Every structure is written in structure tokens, then in C-alpha cells.
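Trainee: Okay, handing you the structure first.
What follows draws every value from the coordinates through simple rules; no lab data is involved. All values reported here derive from a predicted model rather than from experimental measurement. So basically every Cβ, Gly included, is an ideal-geometry build from the backbone, and we count neighbours across all protein chains shown.
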Amino acid sequence: MADPDIVLLGAPASGKGTQGRKLAQELNLSFLSTGKQLRREVEAGSELGREAEGYLAQGQYVPDSLALAIALKWLRKATGGWVLDGFPRTLAQAQELDDFLKQRAQRMKAILLEIHTAELERRVRERRECVSCSWTGTREQAEEMGSCPSCGGKLVYRSDDNLQNFRNRHQAFVELTGPVIDYYDSSQRLQRVNGLGSVEAVFETVRAVCKGGNDGQAT
Ligand code: ADP
């Protein structure tokens, strides 16, 4: 059987990055976070990074042309199946992805992590990220461990994780990613998963859904 291609959808801080990385590792798939890649470009001061910087600082989606440049460049090089975290985020991006994938588009799965806004806001306040390897955890874990458990790197509060920025990103998610959810739903490619619960519990459901089954916890 061909390797799975998986798109992870969900509001900011719904757990896409955490679940996506675990899934890619478990199923031996390539992994791309367009958000992380954009932050890297900003840090590197590349032309793309300079164009993206203002949008990221304000919690707005970057223009489709930038998101597509990153994602398609990466997809052209990817071998085997993949997990995408944060792409596509708009209907235009989803349609471009389908055009790129051609027949492969129909067997792609989109997994939506569903979670209520109060919990998202709590997570954003608590979230800490490793500057080197992008491991993500909580403030409590960061204080306990002092450095990244995965690579020893520095754990920091992500610069775009303030509450106003989060609310802007959340509004963009509802307005612009809502149609992407409908698009995958109407083409029978959407799976909804309850994103509340421990990382391990959510992962069990995500994994079951990816392997074609559904252990009943998905909503
Ligand atoms: P989160 O999902 O918590 O917002 P990400 O790291 O996935 O965090 O994304 C950070 C930011 O990067 C987004 O809020 C958005 O501004 C930008 N971004 C990432 N992917 C895309 C995309 N496909 N289209 C437009 N903007 C994007």
C-alpha cells in the first residue's frame, strides 16, 4: 500500500505540531510545518522571511504566494508519504495542493483537531518551544527540565504567542480555514478528531484514523 499523505487542520495551539511530528515519526513519513519554516526564514533574514515578517508579528496569515512557495518547494523534494502541519490554510492553497497532487489527491486525508477556544487560550499561555528542534511543551515542563528533553536546546515562549496575536490567528482560522474544512468534508477526505485529552490519548485516535480505522473516539 502507498504511504499515507496527511494534512493536519486545527486552530492555533490545537496540537497540530505535536501530533504531526509524532505521527510522522511513527509512520516514517516526512514532516513539514509551514509556520515553523516561515519563522526560520524570518530568523535567517531571507527575502521570503522579510516579506512574511509583518504578517507573522500581527497574527495574520501570510499571502498564499508565500505559503505555496514554501509548501510546493518542499513537496517537490519529498519522497514517500508526508504530514503537513499548517498547510493548506486557505481554499486557494487547498485547490493548488490538489492540482499539484493530481490523482494522489483523492487518497489524501485531512485530520481536523477539534478543541474549544478557552482551552486553546490556556495552551497558548502555557506553550514553550525549543529554539533548536521545535520540541513543544508546557511552561511547567520547561521549568522542571530547564532545557529541551529532546536536544538540550533552549526552551522559549514563542514570540507570536501573545493573546491578541492568538485571537487574530484564531479569527483567520475561522474565516479562512473554515472553507478548507468544508472543502475536504464535501470530498469525503475529512476526519474529525477530539483534540482534548493527553498527547498520548489524542495520538491514539489520530493514529487509528490514519491507518484507515476509527477507534470510536473521533467525533
Ligand atoms: P499556529 O497554528 O499555532 O498558529 P503555526 O506555527 O502553524 O502556529 O503558524 C504560525 C503562523 O504562520 C500562522 O499564524 C500564519 O501567520 C503563518 N502561516 C503558517 N502556514 C501558513 C499558510 N499555509 N498560509 C498562510 N499563513 C501561514
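Trainee: Would you compute, from DSSP H runs of 4+ residues alone, the mean residue ellipticity of the chain at 222 nm, taking -39500 (n - 2.57) per run and dividing by the full residue count, rounded to the nearest 500? Don't jump to the answer; show the numbers that get you there.
Mentor: On the way: 10 runs with 108 residues, N = 219.
Calculated from helices alone, the mean residue ellipticity at 222 nm is -15000 deg cm²/dmol.
Trainee: How big is the C-alpha Rg of segment 54-126 next to the rule-of-thumb value 2.2 N^0.38 Å, as a ratio?
Mentor: Values: Rg = 14.6 Å, N = 73, 2.2 N^0.38 = 11.2 Å.
Dividing the Cα Rg of segment 54-126 by 2.2 N^0.38 Å gives 1.30.
Trainee: Treating only the Cβ atoms of Lys and Arg (+1) and Asp and Glu (-1) as charged, compute the dipole magnitude of segment 1-147 about its Cα centre; round to the nearest 20 debye. Don't jump to the answer; show the numbers that get you there.
Mentor: Numbers: 21 positive and 21 negative charges, 56 e Å.
Dipole about the Cα centre, nearest 20: 260 debye.
Trainee: First check a/c for segment 1-87, with a ≥ b ≥ c the square roots of the eigenvalues of its C-alpha gyration tensor; if it is under 1.5, answer rounded, and if not, answer prolate when a/b is larger than b/c or oblate otherwise.
Mentor: Numbers: a/c = 2.34, a/b = 1.62, b/c = 1.45.
It comes out prolate by the Cα gyration axes.
Trainee: May I ask you to list the lysines whose Cα is less than 24 Å away from that of LYS109, ignoring any residue fewer than eight positions away on the same chain?
Mentor: Result set, ordered by chain and number: LYS16, LYS22, LYS36, LYS73, LYS77, LYS211.
Trainee: Sticking with this one: With the cut-off at 1.5 for a/c, could you classify segment 30-160 from its C-alpha gyration tensor as rounded, prolate or oblate? Walk me through the numbers on the way to the answer.
Mentor: Numbers: a/c = 1.72, a/b = 1.55, b/c = 1.11.
It is prolate, given that a/c is not under 1.5 and a/b is the larger ratio.
Trainee: Let me ask something additional. Can you tell which of GLY153, GLY49, THR177 lies farthest toward the positive end of the dipole of the chain, using +1 and -1 charges on the Cβ of basic and acidic side chains (Lys, Arg; Asp, Glu)?
Mentor: Looking along the dipole axis, the top candidate is GLY153.
Trainee: When the C-alpha atoms of segment 86-168 are aligned to their principal axes, what extent does each axis show, in angstrom, from largest down?
Mentor: 48, 30, 20
Trainee: Still on this structure, please answer the following. Expressed in nm to one decimal, what extension gain is obtained for the pair GLN106 and VAL131 from 0.36 nm per residue of sequence separation less their Cα-Cα distance? All intermediate terms of the calculation are to be shown ahead of the outcome.
Mentor: Details: separation 25, 0.36 × 25 = 9.00 nm, distance 3.60 nm.
5.4 nm is the gain from fully extending GLN106 to VAL131.
Trainee: Please report the Cα spread of the chain along all three principal axes, rounded to whole Å, starting with the longest.
Mentor: Principal extents (largest minus smallest coordinate, Cα): 45, 41, 32 Å.
Trainee: Okay, moving on. Divide, for segment 132-219, the radius of gyration over alpha carbons by 2.2 N^0.38 Å, where N is the residue count. Could you put the intermediate results ahead of the total?
Mentor: Numbers: Rg = 16.9 Å, N = 88, 2.2 N^0.38 = 12.1 Å.
Normalised Rg, Cα atoms only: 1.40.
Trainee: Place a point 7 Å from the Cα of ARG167 along the Cα-to-Cβ direction; which residues of segment 90-121 have their backbone N under 14 Å from it?
Mentor: Only 118, 121 fall inside the zone, counting backbone N under 14 Å.
Trainee: If Lys and Arg each add +1 and Asp and Glu each add -1, what is the summed charge of the other residues whose beta carbon sits under 14 Å from the beta carbon of TYR157? Mind showing how you got there, number by number?
Mentor: On the way: positive: ARG39, ARG123, ARG125, ARG127, ARG128, ARG139, LYS154, ARG158; negative: GLU126, GLU129, GLU140, GLU143, ASP160, ASP161.
Residues near TYR157 contribute +2 overall.
Trainee: Let me check I've understood the local charge: for SER46, count other residues with C-beta under 14 angstrom from its C-beta, Lys and Arg +1, Asp and Glu -1. What total comes out?
Mentor: -1
Trainee: Evaluate 2.2 N^0.38 Å with N set to the residue count of segment 46-90, then give the Cα radius of gyration divided by it. Present the calculation step by step, with values, prior to reporting the outcome.
Mentor: Values: Rg = 11.7 Å, N = 45, 2.2 N^0.38 = 9.3 Å.
Here the answer is 1.25, to two decimals.
Trainee: Would you work out which of LEU91, LEU196, ALA24 lies farthest towards the positive end of the dipole of the chain? Charges go on Cβ: Lys and Arg +1, Asp and Glu -1.
Mentor: ALA24
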